[in-house]
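Step one of this worksheet: look at the structure below.
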Amino acid sequence: MSAGEKLRLGVLGSGKGSNLEAIFRAIHERHLPAEVKVVVSDVRDAGILAIGRAHHAHTKYVYPGESRARLDRETERNIVNLLQQEHVEMVLLAGFMRIVGPVLLAAFPRRIINIHPSLLPEHRGLRAWEQALAAGDGVAGCTVHYVEEGVDTGEIIAQAEVDVLPGDSPEVLHARIQEAEHVLYPEVIDFFARERPFAV
């Protein structure tokens, strides 16, 4: 890989896409040496697809299959084909609400990462900020980690802490965690783009 070549990214998401917007902002404003080649969603009208289109990335809705939690194998194969057609080197999960299975993991070994709104290994799974409030935590935050077949169980890459303040509602705490996510995720991607700690 030649010096200065941009890291080619594929993004999987199910929601509004605020982390993807933060990544595009880092690319344009902070010269993050990466480019988003394709954005894939399991939700037909997901905001993340609109953000991808606005930034001229290839976007694609994929039918996820019958399971509410997992992609079926055929869908995974379709996603792998999409990513490979765009010569994607690294896959980012950004609010992707399904468990990644063996087909995707085998196609991109240690090249799929996720950002989760808690200080893992605490509060895996859904609505982690509510879990933090229910537990009475004084500190919450977010974690970027490698993806494996377990739910939020992969090796931790980086974390950012956020104070839990008196009177925080779930919505207020979640918004503060998202602000930290929008800084941390581009920083991690920048590291991968510059250091290339994987074999492609």
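Can you give me the angle between helix 170-195 and the longest principal axis of the chain, using Cα atoms only, in degrees from 0 to 90, rounded to the nearest 10?
40 degrees
Provide the percentage of antiparallel DSSP beta bridges, counting only those with both residues in the range 7-195; round to the nearest 5. Kindly include the intermediate steps, with their values, before the conclusion.
Values: 11 of 30 bridges.
Roughly 35 percent of the beta bridges in the range 7-195 run antiparallel, per DSSP.
Amide H neighbours of residue 34 under 5 Å, counting only residues 5+ apart in sequence or on other chains, H built in-plane at 1.01 Å?
7
GNM, the chain, Cα, under 10 Å: largest mean-square fluctuation among 114, 19, 81?
In the Gaussian network model the winner is 81.
Roughly what angle does helix 73-85 make with the longest principal axis of the chain, taking Cα atoms, 0 to 90 degrees, to the nearest 10?
The angle comes out near 70 degrees.
Treating only the Cβ atoms of Lys and Arg (+1) and Asp and Glu (-1) as charged, compute the dipole magnitude of the range 1-112 about its Cα centre; round to the nearest 20 debye. Please list the in-between numbers first.
Details: 16 positive and 12 negative charges, 27 e Å.
Once rounded to the nearest 20, the dipole reads 120 debye.
To the nearest 10 degrees, how steeply does helix 18-29 sit against the main Cα axis of the chain, on a 0 to 90 scale?
The helix 18-29 is inclined about 60 degrees to the chain.
Per DSSP H run of at least 4 residues, take -39500 (n - 2.57); add these up for the chain, divide by its residues and hand me the 222 nm value, nearest 500 deg cm²/dmol. Before the final figure, lay out each step's value.
On the way: 6 runs with 72 residues, N = 200.
The helix contribution divided over the chain gives -11000 deg cm²/dmol.
Every number in this text was worked out from the coordinates using simple rules, so none of it is lab data. The shown structure was predicted, so the numbers you read here are calculated from the model rather than taken from an experiment. Don't worry about glycine lacking a Cβ; one is built from the backbone with ideal geometry, like all the others, and counts go over all protein chains shown.
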